[in-house]
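Below is one structure, written out as structure tokens; the observations come after it.
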Amino acid sequence: MNRTTRLPRLALPFAIVLGLLVAGPALAASAVDLEARALLGGRYQVGGWAAVEVTLVNDGEPTEGHLVAEGDDGVVRRYVELPAGARKLVHLYVPPEAFQRQITIRYEEPNGAVEAVAEIRVLEQSSDVVAVVGDGSGTLRPQLVGDAAGSTEPLTLGVADLPERPEPLSGIDAIVWAADSSSLGEAQRRSLERWVADGGQLVVIGGADWQARTAAFGDLLPVEAIGAIDGVPQDALASWVGAAGPALATDTVSTGSLRPDARALVKAQDGAVIASMRSVGTGRVILLGSDLATDAYRAWEGSRLLWSRLLPSDAWIEQYIGGGMPPKEEMESSFSQALGNLPSLEVPPAELLLAVIVGYILLIGPISYVVLRRLDRRELAWVTAPLLVVLFSACSYGIGTSMKGSDIIVNEISLIRTSSAGGSASLEAYAGIFSPDRATYDVSVDADALITSVRSDPWAQPRQESDAIIEQGEPARVRDLDIGVFGFESLRADTVVDHQPALSVEWRVEDGELVGTVTNQGETALSDVAYVSQSIGEMIGDLEPGASAEVELSSLNFQGSSASDQVYGFGGFDTSSPDARRTILRRQVIDALVGYGGWMPGTDLAALGGRGPFLIGWTEAPGPVSFDIGERDAQRYSQTVEVLSVRPSVDQGEVTIGPGRMSVSIIATEGEVAQDGPAMVRLRGGSATFSIALPLEVADMTVTSVELIAGPDPGMLLDPNAGGFGGGFWPEGHVLEVRDPRSGAWTVLGDLSRQNRFEVDDPATIVGPGGRMEVRVSSGEIDPNWGETSVIVGAEVTGVAGGSGS
């Protein structure tokens, strides 16, 4: 066959195959259209969850399939059924990898697959993140942008941008609400409630449009029986923030009767409450009666002062102590250790391992040689050596089986995070699964939960790939979880459950110390009830239903011990008994909740965020949600801890607020100034103005003494034992001034080259009605012998709580 006749004959099969390849996908084309949009403006927290809203439209025959995305733990999917002509909105929650910019969402069904891409971006980690909801006119956002360099731009969101779960909100520090809240779904409302209880700050804007804006927040607001009052003078608001005059002489104010656990921040001359606040768990809800979402307040020079006061920040502390393990990774590490606190997971005794190794060496070496030589059959060593290896392997496996057992073990720890407001709780259910054999497990929880793995080594990068499939929905599942011989895997499931708190506390001041009366108002006895925070740990003891006990909080923790050490004492390495292992587990859970360090000075009066303070109480009963591993038999261990978010509040009494409980921020800079984080600057020949604010809970306290403290870094402010160090860190010409809130005049206190601590003779010349101080540090040109110099300013304030605003 010649060349010209052979080519057409070969082309025909190729054409047929090519036609099949091209036509194949067309025959299996999906009739489903898919759109994906990331919520929260596409933002997510490192190590957190990204919420994606997926729109599915089916123009074809009825079908069913899965929404699928690749997450940091593997494949995440959710089952979706689509009747003919259906249009559905489905939320998928994905744990992105660090700094991931896109999430690809696929819908896989029998006719094929379609996909879409959602754009995402990691949230700013160096300062507080503020979101504004409902700023359609663009009047609020400019008020929240500070003058200082490095200020974080607030996020502008709509109601539809808010997720139906609280987990994606964990990276948001504050939300300013000026939208119609009646359009919130019930799931969205509950997620906001849980976010506040876990440390979020919600500021609701009132005014003439108060009904729509407050509709969904009735149970959270600091006032009840709300109504609008016209013509309320605004001079008190201007005085509270230290502005020269109000934005409007009078305004329509939404106000009502204060709840018993709320307090007024600003009152007009006629007694009308202009601004009020209520602590909810470790978060706050603030109602601003005046409508700041207007052009008058956008142009008001007092707006930035007002917002810096209403949204106090401890980001400067977080930045300073954030050089170690991030809180999420630290928490995962502690929980991984607590879940693995089982006899089956203990390392074999060193004596046993040594005996096995020595016996193996002796038997396969000299003993085998001597025996074979006596038998004059040394050539059999080629046979005996492999047999001895197999024998010792079998013996080692037998020793392991006898020590670790042959049963599957499921160790569960349930955290029920509650607050005094609302009837829901955030549930964090943890499970450690021990497998005596290599096996694949299908694990489920009977709830609409988000399941993820718990990393035993937070520094391990990259995360080990897994073939497991995580299914979202109710129930939530993990399919094909592969665990090796004597292997151990840890899982976490997050959900929201209906729950009434079992613990309650009432605070008072006695002889300058905070005293709380803790009551078990539940129906189950609680053991090891304790108060824990980043600086304090106090064991209260066991409480039967209806029983009460008192806890006294020391103002300072000079020892630097962790809260778990303060609760259970030092040590805690004995694992010889179930009681000892239970104590170790509970210590590790406390470490997960509030961290390992207890050096922070001051009371917990102003604590913010999700790391306490908490009241905790334990039971050994299973939690509201348990992990099911199917029909396999397993030994089960359960520990459940109720974690009540509390912030001590006092109506009257003398208190001292140290620098570590002050909100410090930079509100203005002039000249050559470089900002290092939220509250520290490097001066190159300019000035920086610091705002130092008392906790809002004691903003109205009668101040009796003020000491200003300057340092080259936050550590000098936070160390209670640090003395004056004068010119050791700054050259001459670094001048510290304070602003009189009454006249607006600046007064020089001294040069930092000579001293760094300044007693203020008259507190009224520095502390304004809102408990805020303004301090300015200026420098000349850079001294070539020193270079750039850094500075941060704080204060220690003593006074009597319980003034006109309480």
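The values are calculated or read from the model by the stated rules, or taken from the named source; none is laboratory data. Keep in mind that this is a model prediction, so the values were computed, not measured. For neighbour counting, all protein chains shown are included, and Cβ atoms are generated from backbone atoms with ideal geometry for every residue, glycine included. Just so you know, the surface numbers come from the protein's heavy atoms only, side chains and all, with ligands and any DNA or RNA stripped out. Shrake-Rupley method; radii C 1.70, N 1.55, O 1.52, S 1.80 Å.
Structural remarks
- Ordered by solvent-accessible area of protein heavy atoms (1.4 Å probe), largest first, the residues 662, 331 come out as 331, 662.
- Where only C-alpha atoms are counted, convex hull volume of the range 141-233 per residue in Å³: 127
- Residue 186 accessible area, 1.4 Å probe, all protein chains in place, Å² to nearest 10: 110
- Counting only heavy atoms of the protein chains and using a 1.4 Å probe, residue 360 has close to 80 Å² of accessible surface.
- According to the calculation over all Cα-Cα pairs in the range 49-96, the P(r) per 5 Å bin from zero is 5, 21, 28, 20, 12, 9, 4 %.
- A simple count of charges around residue 79, restricted to other residues whose Cβ falls under 9 Å of its Cβ and scoring Lys, Arg +1 and Asp, Glu -1, yields -1.
- Rg followed by Dmax, in Å, when the range 725-775 is reduced to its Cα trace: 12.1, 35
- Probe 1.4 Å - accessible area at residue 740, Å² to nearest ten: 30
- Accessible-area order (highest first, 1.4 angstrom probe) of the listed residues 467, 542, 700: 467, 542, 700
- Inter-label distance for residue 249 and residue 380, nm, one decimal - labels placed 7 Å from Cα along Cα-to-Cβ: 11.6
- Each pair of Cα atoms in the range 203-341 enters the Kirkwood radius, and Stokes-Einstein at 4 °C and 1.567 mPa s then converts it into a translational diffusion coefficient of 76 µm²/s.
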